[in-house]
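**Q** Once you've had a glance at the structure underneath, I'll fire off some questions.
The values are calculated or read from the model by the stated rules, or taken from the named source; none is laboratory data. Just so it is clear, the structure is predicted and the values come from calculations on it, not from any experiment. Virtual Cβ from ideal backbone geometry, glycine too; neighbours counted across all protein chains shown. In case anyone asks, the SASA skips ligands and DNA or RNA and just uses the protein heavy atoms, side chains included. Shrake-Rupley method; radii C 1.70, N 1.55, O 1.52, S 1.80 Å.
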Amino acid sequence: MSPLRIATRRSDLAMAQAGIVRLLLKEQGRDAVLLPVDTTGDREGGSNAVGGDTKDRWIDAIVALLRTGEADLAVHSAKDLPADDPEDLVIAAVPERGDPRDVLAAADGAYFDGEAPRRSARVGTSSLRRAAQLRAAFPGIDLVDLRGNVPTRMRKVQQEGGPDIAVLAAAGLDRLGLTPPAVKPLPVDVVVPAPGQGTLAIQCRTDDRPLRAAVSVLEHGVSATTLHAERALTRALAGDCNLPLGAFAQVHGDVVHLAARVATPDGSRVITAAAEAGDAEQAAKDVTAELLDQGAGEILDAVRGR
């Protein structure tokens, strides 16, 4: 049997994540090889336009390989996927979620005051979601733009003239085996993670039913449900750009708990909503309705420039 071909971005983190899936497949008796590619986002970098960095540019070359049949599977960070699946492609499996939290990482613990960034600390991020919530939670900090892959951002923090602290995804550090000299996890009620953060999505062609069946054994039911809830909320709010929107779902028994947050980019107004329901779609509907009732739509429209 020929090895399965897994398309992935070329970054260290993307390769590590695809490697995780390759090992999971190996445990099921299937060999796989990685096909690294550069997406438009990799080649051109992130958009500087507020609300203008669409997710398609970070996956375009990967899904192209699926569509031409040059790849059998693709492994994505779920937060990079648009909330709507195209008809010809499907998420075939969601492995167990990693740590969903954001963390504050620094070269020296002196930049922290207990579990919080020190007042006036220069905190680097390019994420509107992170910046908005951090401004609200820690009004004394100085937010600065910080871009690049995880190792690049860590190097910039350690360089003279760079930011004091970088905001990173805990799962990314874990998967790369990186341990910053000083790191403080941010509780999910302080900074609500991005929808899908810490989750991997294994994608394939919709019409390849034998492969979908073979890959389905990698599915982690709770992780799939939480991703479903977070993507449904994102879809309802049309949140496929770089927007100040966080969402985090948990499953307790037969109940899906979903919390979400929308904030103005300056952190002056924060809207939080939460709901529990018997399924992911209903939880997303309830939280969406509560957010919109509180004015989240106006905030998101203003960020989009409407």
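**Q** Can you tell me which of 191-200, 4-13 comes out highest on packing, and rank the rest after it, using the mean Cβ neighbours within 10 Å?
**A** Packing proxy ranking, top to bottom: 191-200, 4-13.
**Q** Compute the relative contact order of the chain as a whole-number percentage, counting only Cα pairs closer than 8 Å that sit 6 or more residues apart in sequence.
**A** 21
**Q** If you don't mind, another one. Once amide H atoms are built 1.01 Å from N in the peptide plane, which residues 5 or more positions from Asp102, or in another chain, come under 5 Å H to H?
**A** When sequence neighbours closer than 5 places are left aside, the close amide H contacts are Ala170, Leu186.
**Q** If you don't mind, there's one more thing I want to ask. What is the magnitude of the charge dipole of the chain about its Cα centre, with +1 placed on the Cβ of each Lys and Arg, -1 on the Cβ of each Asp and Glu, and no other charges, expressed in debye to the nearest 20?
**A** With only Lys, Arg, Asp and Glu charged at Cβ, the dipole is about 720 debye.
**Q** Quick check on the stretch 5-114: take the gyration tensor over C-alpha atoms, sort the square-rooted eigenvalues as a ≥ b ≥ c, and tell me if it's rounded (a/c under 1.5), prolate or oblate.
**A** oblate
**Q** Got a sec? Charge dipole of the stretch 242-298, +1 on Cβ for Lys and Arg, -1 for Asp and Glu; which of Ala296, Gln282, Asn242 is way out at the positive end?
**A** The Cα lying farthest towards the positive end belongs to Asn242.
**Q** State the volume of the convex hull built on the alpha-carbon positions of the chain, expressed per residue in Å³ and rounded to an integer.
**A** Measuring per residue, one finds 129 Å³ for the Cα hull of the chain.
**Q** Each residue of the stretch 87-94 in order: what ³J(HN,Hα) in whole Hz does its phi give by Karplus 6.51 cos²θ - 1.76 cosθ + 1.60, θ = phi - 60°, with x for Gly and Pro?
**A** Running phi through 6.51 cos²θ - 1.76 cosθ + 1.60 with θ = phi - 60° gives 4, 8, 10, 9, 7, 7, 6, 10 Hz.
**Q** Pop out the Kirkwood hydrodynamic radius of the stretch 89-242 from its pairwise C-alpha distances, inverse of mean 1/r, in Å to one decimal.
**A** Value: 16.9 Å, from the Cα pair sum.
**Q** Kindly give Rg over Rh for the stretch 230-277, based on alpha-carbon atoms, with the Kirkwood expression for the hydrodynamic radius.
**A** Taking Rh as the inverse mean 1/r over Cα pairs, Rg/Rh reads 1.02.
**Q** Beta carbons within 10 angstrom, averaged per residue: use that to sort the peptides 115-127, 91-103, highest first.
**A** 91-103, 115-127
**Q** Could you please state how large a percent of the accessible area of the chain is carbon and sulfur, counting protein chains only and using a 1.4 Å probe?
**A** Heavy-atom surface of the chain belonging to carbon and sulfur, 1.4 Å probe: 48 percent.
**Q** With everything on Cα atoms, drop me the angle between helix 221-236 and the longest principal axis of the chain, reported from 0 to 90° to the nearest 10.
**A** Between the helix axis and the principal axis of the chain, the angle is about 60 degrees.
**Q** Over all pairs of distinct alpha carbons, what does the Kirkwood formula give as the hydrodynamic radius of the stretch 154-306, in Å?
**A** 17.4
**Q** Where does helix 280-293 land angle-wise versus the long Cα axis of the chain, in degrees 0 to 90, nearest 10?
**A** Taking Cα atoms only, the helix is inclined about 30 degrees.
**Q** Here's a follow-up. Going by amide H atoms built from the backbone, whose H comes under 5 Å of the H on Val144, apart from near neighbours?
**A** HN-HN under 5 Å from Val144: Val123, Gly124, Thr125.
**Q** Another one. Students often check this: by mean Cβ neighbours within 10 Å, which of 209-215, 247-253 ranks highest, and how do the rest follow?
**A** In decreasing order of mean packing, 209-215, 247-253 become 247-253, 209-215.
**Q** Starting from the alpha-carbon convex hull of the stretch 168-251, give the projected area averaged over all orientations, in nm².
**A** Seen from a random direction, the Cα hull of the stretch 168-251 projects 7.5 nm² on average.
**Q** When the Karplus curve 6.51 cos²θ - 1.76 cosθ + 1.60 is applied with θ = phi - 60°, which whole-Hz ³J(HN,Hα) does each residue of the stretch 62-68 get, with x for Gly and Pro?
**A** So the J values, rounded to whole Hz, are 5, 5, 5, 5, 5, 5, 7.
**Q** Can you tell me how the stretch 162-213 classifies by the Cα gyration tensor, rounded, prolate or oblate, using a/c under 1.5 as the rounded cut?
**A** Verdict is prolate for the stretch 162-213.
**Q** Something else about it: Relative to the longest principal axis of the C-alpha atoms of the chain, give the angle of the C-alpha long axis of helix 12-27, reported between 0 and 90° and rounded to the nearest 10°.
**A** Long axis of 12-27 versus the principal axis of the chain: about 40 degrees.
**Q** How much accessible area per residue does the stretch 169-240 have, counting only protein heavy atoms and a probe of 1.4 Å, in square angstrom?
**A** Result: 37 Å² per residue.
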